[in-house]
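Only the coordinates and a few stated rules stand behind these numbers; no lab work does. Everything numeric here is computed off the predicted structure, so don't read it as measured data. Virtual Cβ from ideal backbone geometry, glycine too; neighbours counted across all protein chains shown.
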Amino acid sequence: MPDDQPGLDAWKRETSAFDRVRSVASTVSKPRTASYIADEAHVAENTAREHLERLVDMNVLLKSERGGAATYSPDPLHTRLQTLRDLVEEHDHDGLIQLKAELQERIEAWRDQYAVDSPDALRERAAETDEAPATREILATANDWELVRYRLDVVEDAIENYATYSRDYRASA
Amino acid sequence: MHGGDRSYDSADASHRALREIRRELERHPAIATVQGFPSGEFTQVVAQLATDRLDVDADDITLTVRWFAGETPDDRPQFSFHLSAGAGDFGWHHEPNPHVDGWGHFQKRSGSDAAYQYEPFEFSSTNPVRVVWEIMDLLSAELGSE
């Protein structure tokens, strides 16, 4: 990969090799080899492999074998736990219930507006529109709907397990 | 979850991308503040640019980022990095648009009543983290030409 890409110098200046390997590997959509991640993160392949193994040990990434080569992908549980941590730090139990209601209202509003029950059904609706702006708006809403539905699922988890997730072990240290 | 790959969840992948975009913007010296938006939903990332560090003559420049990883792991991501600066706005998008060939494009208009001007744009990478740093480099030049 060429070294004259816009922003590359600043990225390398402001981040460590470990940062770049972690952030690239955490955002791949399918399992990737150390070689692919090294190329995207602009680090040597051996450096990438060393950091990737560390990230597997930290439960940030999952390691698997594909075609005889080791591949790495984000651990969905790690992302979910990070989101749960943010939620219980930003909201108390009542605040989470309020947030749940807001997310439910958002989804209900889309259901009423488009008369469909899911983002997939809304995407099918997009195929029936006659004008490009309307199609783009519907597709963007379908994407938002998926994200809000994911968020709602995590918020419900946070509410159900609030006592466990909000326990502060630092207080008893 | 979509397609034949049962390990892939497009919402999870998109949310993860948005979290990493927020983290990278927090690292960038030209960013003053950054947050998930709307605050409870986190379907976008919104950042305020540190205009004094960019040396541009504007008080308030807002960057709004949208990212959807795709319905299957093999799909191209749909995303946009769009800036509102004064009366006008501009941004780099990666999504279908009838005004340009291909997905990558730059669009700009001088005011809310003006029509957008479009031109094709090729991203160096479609990894969310790489896109952040590429766009932050390009927007400095674009703001300087305003």
*What residue among A:119, A:74, A:133 shows peak mean-square fluctuation when chain A is described by a Gaussian network model with Cα springs under 10 Å?*
A:133
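Within 10 Å of each Cβ in B:57-68, how many Cβ atoms from other chains are there, averaged over the peptide?
Details: counts 0, 0, 0, 0, 0, 0, 0, 0, 0, 4, 3, 7.
Counting Cβ atoms of other protein chains within 10 Å of each residue's Cβ and averaging gives 1.
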_Gaussian network model of chain A, Cα within-10 Å springs - most flexible of A:15, A:83, A:141_ = A:15
*When the Karplus curve 6.51 cos²θ - 1.76 cosθ + 1.60 is applied with θ = phi - 60°, which whole-Hz ³J(HN,Hα) does each residue of the stretch B:42-53 get, with x for Gly and Pro?*
6, 9, 9, 10, 10, 10, 9, 7, 7, 5, 5, 7
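Rounded, prolate or oblate: which one fits the stretch B:20-146, using the alpha carbon gyration tensor with axes a ≥ b ≥ c (rounded when a/c is under 1.5, else prolate when a/b beats b/c, else oblate)?
Values: a/c = 1.60, a/b = 1.14, b/c = 1.41.
Here the stretch B:20-146 falls in the oblate category.
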*asked:* List the residues, sorted by chain then number, that are 5 or more residues from residue A:71 or on another chain and whose placed amide H is less than 5 Å from its amide H.
replied: A:64, A:65, A:66
*Name the long-range amide H neighbours of residue A:61: under 5 Å, sequence gap of 5 or more, or other chain; modelled H, no Pro or chain starts.*
A:56, A:75
_Signed unit charges on C-beta, dipole axis of the stretch A:33-173, positive-most listed residue A:70, A:127, A:37_ = A:70
_Rounded to whole Hz, the Karplus (6.51, -1.76, 1.60) HN-Hα couplings of the stretch B:92-99, x for glycine and proline_ = 9, 10, 10, 5, x, 8, x, 7
*Tell me, what HN-Hα J-couplings in whole Hz come from the Karplus equation 6.51 cos²θ - 1.76 cosθ + 1.60 at θ = phi - 60° for each residue of the stretch A:18-25, using x for Gly and Pro?*
4, 3, 5, 5, 4, 5, 5, 5
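Given 0.36 nm per residue, what is the gain on full extension from residue A:82 to residue A:108 after removing their alpha carbon distance, in nm? Don't skip to the answer; put the middle values down first.
Details: separation 26, 0.36 × 26 = 9.36 nm, distance 2.69 nm.
Taking residue A:82 through residue A:108 to full extension adds about 6.7 nm, to one decimal.
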_Let me check I have the definition right: for the protein assembly as shown, take the eigenvalues of the Cα gyration tensor, multiply each by 5, take square roots. What are those semi-axes in whole Å, largest first?_
29, 27, 22
